[in-house]
Amino acid sequence: MIKLEEVSKVGHIGKPHGIKGEVTMVFSNEETANALFDSDIEYLILMIDGILVPFFWEEMRLTSKCGALLKFTDIDTIERAKSFTGLDVFLPNDILEDLPLEASIKSLIGFKVYEDKKEELLGEISSIDDTTENVLFIVTTPKEETLLIPANKDLITKIDTSNHYLKVTIPLGLLEIND
């Protein structure tokens, strides 16, 4: 049985497309769409009545930056495709870790950031600065200030995708640089 803490949401199913069982899919971000499209992943996990169920797909075509047409195996009618409308789509966390860093990092926008040792809320990731080699989380504090925190996997001690937060170890003096 697949557990919610083992997966992360990557999008949702839209309306059926055509009469042969295709559905539209809306990805959470462009990077995840491109990374998934370029990968060898053969299945997606859908949340059906509170249960995570894997579905294999046989064809996917990108239609926009964050959209695709998807044909699941053994879904051959518009009626069956309609039953998927609005369902959330997930991928296992271990698969997401294997996708390019930009895709997994961008999926953290909106997550709360806590300092690991003090359990202190630093703020919420409002955007990602990937214009330089050192990718940064742009974190908005509860006081509406901005913190720049390196999006370095060595500093991230925990990512909780089901509760949308991450914990980081802040090197001594780093927060003073932001002042």
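The values are calculated or read from the model by the stated rules, or taken from the named source; none is laboratory data. If you're wondering where the values come from, they're calculated on a predicted model, not measured in any experiment. FYI the Cβ positions are ideal-geometry reconstructions off the backbone, even for glycines, and counts take in every protein chain you see. Only protein heavy atoms, including side chains, enter the accessible area calculation; ligands, DNA and RNA are left aside. Shrake-Rupley method; radii C 1.70, N 1.55, O 1.52, S 1.80 Å.
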Subject >> Residue selected from region 143-157 under the condition surrounded by fewer than 15 Cβ atoms within 10 Å (Cβ to Cβ) and either within 11 Å of VAL113 (Cβ to Cβ) or β-branched (Val, Ile, Thr) (or both), by the criterion farthest from the chain's Cα centre (by Cα) >> reply: THR146
Subject >> Given (1) surrounded by fewer than 19 Cβ atoms within 10 Å (Cβ to Cβ); (2) among the β-branched types (Val, Ile, Thr); (3) closer than 25 Å to LYS3 by Cα, number of the condition THR131 does not satisfy >> reply: (3)
**OP:** Please specify each residue of region 1-15 satisfying the condition of being charged (D, E, K, R) and in a loop (DSSP other than H, G, I, E, B).
**Re:** LYS3
**OP:** Return yes when VAL26 is open to solvent by 50 Å² or more (accessible area, probe 1.4 Å) and out of contact with any helix residue (DSSP H, G or I) (no Cβ under 8 Å at 6 or more places or on another chain) and no when it is not.
**Re:** yes
Original post:
Is there a residue in region 61-69 that is open to solvent by less than 50 Å² (accessible area, probe 1.4 Å), under 14 Å from GLY18 (Cα atoms) and out of contact with any helix residue (DSSP H, G or I) (no Cβ under 8 Å at 6 or more places or on another chain)?
Top reply: yes
Subject >> Candidates GLU145, GLU102, GLU59, GLU120, filtered to the one that is at pLDDT 80 or above and closer than 24 Å to GLY11 by Cα >> reply: GLU59
**OP:** Determine whether region 74-84 contains at least one residue that is within 25 Å of ILE2 (Cβ to Cβ) and in contact with a Ser or Thr (Cβ under 7 Å, 6 or more places away or on another chain).
**Re:** no
**OP:** Give me the pairs, please: first residue somewhere in region 24-46 and farther than 13 Å from GLY11 by Cα, second residue anywhere and aromatic (Phe, Trp, Tyr) and open to solvent by 60 Å² or more (accessible area, probe 1.4 Å), beta-carbon distance under 6 Å, and either six or more positions apart or on two chains.
**Re:** GLU42/PHE56; TYR43/PHE56
**OP:** Please identify the pairs in which a residue from region 110-121 that is without any contact (Cβ under 8 Å) to a residue 60 or more places away in the chain has its Cβ atom under 7 Å from the Cβ atom of a residue that is among the small types (Gly, Ala, Ser), counting only partners at least 6 apart or on another chain.
**Re:** VAL113/GLY123
Original post:
Pairs under 7 Å by beta carbon, first residue of a type in the set (A, V, I, L, M) in region 153-170, partner in a loop (DSSP other than H, G, I, E, B) and at pLDDT 80 or above, six or more apart or different chains?
Top reply: LEU155/THR169; LEU166/LEU108; LEU166/PHE111; VAL168/ASP116; VAL168/LEU155
